[in-house]
Amino acid sequence: MTESCRLQQVMSAAWRRPSGFVAAEGARSALSKGIVRETVSLIKFTTGLLILACCLFAGRVFGADVTVVGQANSGGKYSFSMDSLRLDGSAESREFAGILRSDLLNSGWFKEAASEGASSVALRGDVRSSSAFSASVTVSWMAGMRSKSFAVTSSRSSVRDAAHKMSDQVTRAVTGRPGMASSKILFVGRTGIGTDIYMCDADGRRMKRLTSDNKLCLSPVWIPGQNAFMYTSWLTGVSAVYKVNLDTEKRELIAGYPGMNNGAAVSPDGRFMAIILSRSGGVDMYVMDLAAKQLRRLTASRRINESSPSWSPDGRRLVFVDDRSRAPQLYMYANPLQSEASLQFRQTLSSPLVGGLRESVAPDFGPDGVIAFCGRTSRYGIYIVTPASDSRANIPRLISPQDGADYEDPSWAPDGRHIVCTRTENYKRTLVVLDTMGDPLRTLVTADGDWYLPSWSGNFQNN
Amino acid sequence: MKNSKMANVGMLAAMAVAGMFVFGCQSGKKDTAGGVDGSAYRDQIMSGEYISGDIPLYDGMRFETLNKVEDVNFYPVYFGYDTYVIPQNEIEKIAAIADFMNEMSDYLLVVEGHCDERGTNEYNMSLGEYRAQAVRDSLISCGVAPERIQTSSYGEEAPADPGHGESAWKLNRRAEFAFYTR
């Protein structure tokens, strides 16, 4: 039953992890792995408090552990300067500096200062390229009270990876938040009759096609913790879910049940997959133990559709879509891996997760436990909501512009701040990145064709 | 053997079309009149068992090993907006396919369900599946063995007409038929 075959042409030339790519931290991270993450909404709330804390802290012992979220300037951003970053004049050094600058701006936490004297964050060091490429950068902030050094080396052809890595390290050090520059985005592209799966960097660069099935394929989704993804393909004339390992470039059949196989979502620990199947005659949600290849049916609803499951960061809940109230709405499935789960599910079905919208679809649980979804009023827009046990407390917040376009298919960035989604205007679909903290949207992919159903990598990885 | 059979396909198809006015069978023995609402089943959740009336799909087809029959074409069955109920005037098409399947006893069939572009992608994926299953049920009631018929929904992703208006949409709300041999 398990099919393994080489992906054709494109995969072979496609993405390879840069060999010999080494990153080392010059200073031991004060912001150790045990940082309690705050939700994005909380950050704004606590910024003022932290500024106060930082002022007090500035006069005290240097080097104590503290989560630095504040000290943002009036625009809510750190101003950075790369004036003292010495480039050796090579094309690679200029490329590195350009990508690093662009990544820091894209992170949303930084803006460029007019000069180093006017900056709150200074990047100093050396960038060299000879037989190999290397960059050593010391970042200092809080008026020089805190600093940290990072070094990256790579082959000369992997400068882009090195710059992304440096940006994430600087972002993590200064803000305490995970960066997103090194992450990847999968999506569907239609340039002719069929569709294919594509991938690009978080800044939209290095876009490449990963499949050449010459058929319909949809719903690519990263497998947490692996350089691999699931997707649905009509390769054989019927739908099936396949796993693609990007290291080995192998494809494996995971779910080829009769009827519909779609909407795969792998649990944060990588062991289970929620999936939508119609093998029983109805469209229902199941969960598969990926090692044992065993299925458990989670819903059994005649002529009611379930779709779009997404796991909570702790793997203990599934948010999904169900249209029993005639319109599709979000519901929560508690403890899908426990045998008594069905009873709890029945209790939670009494009311949708959020009300007040004609439709709520395509939910995506973010790394901080905030759900992004597509809601419909007169048009489709992207909303975020922090699920509470009392559904009346679940007030969604619209984060996409009201500009006459439709916004759909949200997927969280690993920074818990940005969301990639589809923007449709005049039947043309492009990919854009939204900022939940208010920066203007950034266009990701606009090439000729239709680009949709994005999935952002690394949602549950604490880098 | 196979080639001579292929040569007869066109004639058989023509016979089947002629026969569809003579034969005829139930449009569906189940709740195909239930429409998208299906409210009669709203309370039947979480039993974990097949609900009576369901005909579980057959799990024995291995599509990676089957041969697609390229030269047999039947007209698509068209549907109304947001429904999987087979219109009365489309039933004859299904009867013709049932006759053909009963004649070509080694053929397997995939009923492909499609939708127009209105509504969400995921909703249309389900609606396309129900359209395919409604046609499958109808074929079963015409005597075709359930294990010979598979369903596959394309949702709104494979329109017959890529336009944006009712003239295109009415061509896109359809079930198509793909035949296979082992």
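Each part reduced to its alpha carbon centroid, the stretch B:100-141 and the stretch A:429-452 end up 35 Å apart. Listed by Cβ neighbour count within 10 Å, with the fewest neighbours leading, B:Lys93, A:Lys293, A:Lys215 appear as A:Lys293, A:Lys215, B:Lys93.
The mean of 1/r over all distinct Cα pairs in the stretch A:87-160, once inverted, gives the Kirkwood hydrodynamic radius of 13.1 Å. Within the stretch A:184-456, all pairs of alpha-carbon atoms sorted by distance into 10 Å bins from zero give the percentages 7, 31, 38, 21, 3.
Within 10 Å of each Cβ of A:422-431, how many other protein chain Cβ atoms are there on average?
Values: counts 1, 0, 0, 0, 1, 4, 0, 0, 0, 0.
For peptide A:422-431, the averaged partner shielding equals 1.
By the beta-carbon count within 10 Å of each Cβ, the least crowded to most crowded order of A:Lys111, A:Lys428, fewest first, is A:Lys428, A:Lys111. Hydrodynamic radius of the stretch A:284-330 by the Kirkwood approach over all distinct alpha-carbon pairs: 11.7 Å.
Oblate is the label for the stretch A:228-267, because a/c, from the alpha-carbon gyration tensor with a ≥ b ≥ c as root eigenvalues, is 1.5 or above and a/b does not exceed b/c.
Taking the number of Cβ atoms within 10 Å of each Cβ as an exposure proxy, the fewest-first ranking of A:Asp103, A:Asp406 is A:Asp406, A:Asp103.
Bear in mind that the values in this text are calculations on the coordinates, not laboratory data. Every value quoted in this text rests on a predicted model; they were computed, and no experiment measured them. A quick note on method: Cβ atoms are made from the backbone with ideal geometry, for glycine too, and the neighbour counts reach across all protein chains shown.
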